[in-house]
Amino acid sequence: MQNPSVDEQPLLVERDENVAASEAKRLLRLAGPLVASGLLQCALQLVSVMFVGHLGELHLAGASLATSLANVTGFSLLAGMASALDTLCGQAFGARQYHLLGVYKQRAMLVLALACVPIALVWTNTTRILLFLGQDRAIAAEAGAYARWLIPSLVPYVPLTCHIRFLPVMASSAVTSLSHVLVCWALVHKAGMGSKGAALARAISYCTNLSILSMYTRLSGACKRTWKGFSMEAFKELRQFAELAFPSAMMVCLEWWSFELLALLSGLLPNPKLETSVLSICFNTGALMFMVPSGLCTAISTRVSNELGAGRPQAAKLATRLVVCLALLEGSVISVTMILLRRFWGYVYSNEEEVVAYIARMIPVLAMSFFMNGIHTSLAGVLTGCGEQKIGARVNLVAFYLAGIPLAVLLAFALHFNGMARTSSVPKFKSF
């Protein structure tokens, strides 16, 4: 987070160009490491899916459905609740109340830990849930086994998702991502655990990342002002934190859930193994590309909350205008790049020619989502910095559930576009 200077000059008309350039550099300095660390963290899920994908179509379909259910009922909820820290800590930092950052982090970990109890119960019953939703029996059984082996990952994920809101995680994420490849290989192939080993590998890698960040917090002088050790103050005002965490979670989850719901619906299409596998690969690709606008989202959230906390709303407005321009640029670059790579991208996940060809047809449509997602995510970061997550939740509810998903169902089941419907419908509405 930026440390606002006490004697910072007001924004003057004659200095607009210099101020804009300075703000753009500040945003890029914040977003750059966040994008890199986000890509590295996302690699954990992608590497696990890649290892499973080369075991066969059934394993890939099962792991894909389990990952979708785990994201819907667990990871998205926890990450969304933790995003309340962006508002609280950003404004506390802007107001120079540095000690509150450590207190807020502990408070968040307590609330998130409580939420893990029902999450673990849901994951334990994944097979029953998927069968109730009409999924193929073989795929549901494979997904249930994968989800049960994901439960240990909740233990390190709760403190980790709170730590990454504050700390420079690029180096730790790089170490974790590299080691994750070795852990996956050892568990999936060497230990003969198959897809279950890929699920367990995520827990081990989360522990590795958390251990590195915990050592950094304890040994680095950079955290002395913000981390004063464990405090009983963290047990106070839990309700107030939960009241902000809930709309924060809804703002994140309503978007995330819509894509995972589409993955579940793909299991109801003809040839569910193919449809589920391909759609999962597309969404995993989307998750990887999402890390770029996600970095901009966190950067603008930090800048807006810092400036509002310091009483400088005009500086926050300037940062907002600049981040939209940056979002348009990155969206264009990512979309064009993926279209150029569309014929080769499928081989990263599967050796099946049918899967690779299907992915090549899907990516141009998916590119629309990459472009629009940059604008949507950046503006969501502005709302988070302002503490207006309720507005974002309402917008996502309308865009995804009253427009995008009904259109996807119509295109897929009534007009027989199949998986193409799912990547073409939601992007049309998400930037509204």
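The values are calculated or read from the model by the stated rules, or taken from the named source; none is laboratory data. In this text the structure is predicted, and so the values were computed from the model without any measurement. Counting neighbours? That spans all protein chains shown, and the Cβs are built from the backbone with ideal geometry, glycine included.
The table for this structure:
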quantity: Cβ-Cβ under 6 Å pairs, at least 6 apart or on other chains, the range 44-61 side free of Cβ contacts under 8 Å to residues at least 60 places away in the same chain and surrounded by fewer than 19 Cβ atoms within 10 Å (Cβ to Cβ), far side part of a helix (DSSP H, G or I) and among the hydrophobic types (A, V, I, L, M, F, W, C); calculated: none
quantity: Single residue of 277, 305 found to be among the polar types (S, T, N, Q), within 30 Å of residue 409 (Cβ to Cβ) and part of a helix (DSSP H, G or I); calculated: 277
quantity: Condition met for residue 225 (touching a Ser or Thr at 6+ places or on another chain (Cβ under 9 Å) and among the basic types (Lys, Arg)); calculated: no
quantity: Test: residue in the range 392-403 that is surrounded by fewer than 22 Cβ atoms within 10 Å (Cβ to Cβ), closer than 19 Å to residue 283 by Cβ, within 22 Å of the chain's Cα centre (by Cα) and not aliphatic (A, V, I, L, M); calculated: yes
quantity: Selection count, the range 187-212, where residues are without any contact (Cβ under 8 Å) to a residue 12 or more places away in the chain and hydrophobic (A, V, I, L, M, F, W, C); calculated: 2
quantity: Unique match (being buried (at least 22 other Cβ atoms within 10 Å of the Cβ) and more than 30 Å from residue 82 (Cβ to Cβ)) among 358, 349; calculated: 358
quantity: Close pairs from the range 98-113: first of a type in the set (A, V, I, L, M, F, W, C) and at pLDDT below 85, partner part of a helix (DSSP H, G or I) and surrounded by fewer than 18 Cβ atoms within 10 Å (Cβ to Cβ), Cβ under 7 Å, at least 6 apart; calculated: 103/233
quantity: Cross-chain or 6+ apart pairs with Cβ under 7 Å, the range 125-153 first and in contact (Cβ under 8 Å) with a residue 60 or more places away in the chain, then part of a loop (DSSP other than H, G, I, E, B) and crowded, with 18+ Cβ neighbours inside 10 Å; calculated: 135/267; 136/267; 139/267
quantity: Answer residue from the range 84-138, given it is touching a Pro at 6+ places or on another chain (Cβ under 8 Å) and assigned to a helix (DSSP H, G or I) and is surrounded by the most Cβ atoms within 10 Å (Cβ to Cβ) among those; calculated: 94
quantity: Which listed residue, of 262, 238, is buried (at least 21 other Cβ atoms within 10 Å of the Cβ) and touching a residue at least 40 places away in the same chain (Cβ under 8 Å); calculated: 262
quantity: Boolean, residue 233 is crowded, with 18+ Cβ neighbours inside 10 Å, in a helix (DSSP H, G or I) and either without any contact (Cβ under 8 Å) to a residue 24 or more places away in the chain or among the acidic types (Asp, Glu) (or both); calculated: no
quantity: Test: residue in the range 207-218 that is at pLDDT below 85 and surrounded by fewer than 14 Cβ atoms within 10 Å (Cβ to Cβ); calculated: yes
quantity: Cβ-Cβ under 6 Å pairs, at least 6 apart or on other chains, the range 318-340 side more than 11 Å from residue 364 (Cα to Cα), far side of a type in the set (Asp, Glu); calculated: 318/23; 319/23; 322/23
